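Here the structure comes first, spelled out in C-alpha cells, and everything after it is commentary.
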Amino acid sequence: MKVDIAVYPGSFDPLTVGHDDILRRGLRLVDHLIVAVAETATQSKSGLFTIEERVSLIEEVYADEPGVTVMSFSGLLVDFMRAHGARLMIRGLRAVSDFEYEFQMALMNRSLSPEVEVLFMAPDSRHTFLSSSLVRQVGRLGGDVTKFVSPIVKASMEARFSRDAAAKGASD
Ligand code: PNS
C-alpha cells in the first residue's frame, strides 16, 4: 500500500508527549497525518477538555507542522477515514496490556471496512507508562505534569484546574 495520508485517532484528553512521539514517528512514514479527535470513545472516560478545546490545543501544538491537520469526528472512525480518503490508521502500542483492546478494535474496524489497515507503533521506552488518564489525575491532584505534556497543554490544564477550584470554592 502506498501511503500519503494517514489518520491518527484518539481521545487526546489531553495530548501527551507519548502521543507526540507516535505522531512524529508517523510523520516520517506519511506526508500527511490527520489527528482525529473522537467524540465517541470506545472506553468511557471522565473528560478534562471538550472536543473543541482538544482540537484547538492540538492545532496550537502543531501550528508549525504543515503535515498535520486536526479534526474531530463523530460516528465510526472507518467512515471518517473513508470520507477523507485515508486507508491507514496509526495507533501507539505501549505495552502488552494495550494489545488486547487494540487488536479487538483493529479487527472490528477491518470487518467494518476491509480496506483499512492499522499500523501499530511503539513509542520511545521513556513514554511507555504514560496515559492521558494518569496525566489528568496527576494534574487534578496538584502534581507536576511538565514532563508529560507540552507547555501549551500544561498551561491549559492549569487554567482548567484553577477555574474548577474557583468554581468549587464559590459553591462551598
Ligand atoms: O485514545 P483512545 O481513547 O484509546 O482512542 C480510541 C478511539 C477514539 C480510537 C476509538 O474509541 C474509536 O475509534 N472511536 C470512534 C467510534 C468507533 O469507530 N468505534 C468502533 C471502533 S472498533
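The values are calculated or read from the model by the stated rules, or taken from the named source; none is laboratory data. This structure is a prediction, so every number in the text was calculated from the model and none was measured. Here Cβ is always computed from backbone atoms with ideal geometry, including for glycine, and neighbour counts include all displayed protein chains.
At a glance:
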| quantity | calculated |
| --- | --- |
| Evaluation of S97 against (1) exposed (fewer than 14 other Cβ atoms within 10 Å of the Cβ); (2) within 11 Å of the ligand (Cβ to nearest atom) (one fails), failing number | (2) |
| Verdict on R25 being at pLDDT 95 or above, under 12 Å from G10 (Cα atoms), touching a strand residue (DSSP E or B) at 6+ places or on another chain (Cβ under 9 Å) and of a type in the set (K, R) | no |
| The stretch 132-151, residues that are assigned to a loop (DSSP other than H, G, I, E, B) and either modelled with pLDDT of 95 or more or crowded, with 16+ Cβ neighbours inside 10 Å (or both) | G143, D144, V145, T146, K147, F148, V149, S150 |
| M71 being free of Cβ contacts under 8 Å to residues at least 60 places away in the same chain and either in contact with a Gly (Cβ under 8 Å, 6 or more places away or on another chain) or of a type outside the set (S, T, N, Q) (or both) | yes |
| Only listed residue being closer than 26 Å to V68 by Cα, in contact (Cβ under 8 Å) with a residue 24 or more places away in the chain and within 13 Å of the ligand (Cβ to nearest atom), chosen from S156, S113 | S113 |
| From R54, R82, residue being crowded, with 20+ Cβ neighbours inside 10 Å and of a type in the set (D, E, K, R) | R54 |
| Residues that are surrounded by fewer than 14 Cβ atoms within 10 Å (Cβ to Cβ) and near the ligand (Cβ under 8 Å from one of its atoms), drawn from the stretch 58-78 | G75 |
| Selected residue (only one of F80, F99 is of a type in the set (F, W, Y) and under 17 Å from V7 (Cα atoms)) | F80 |
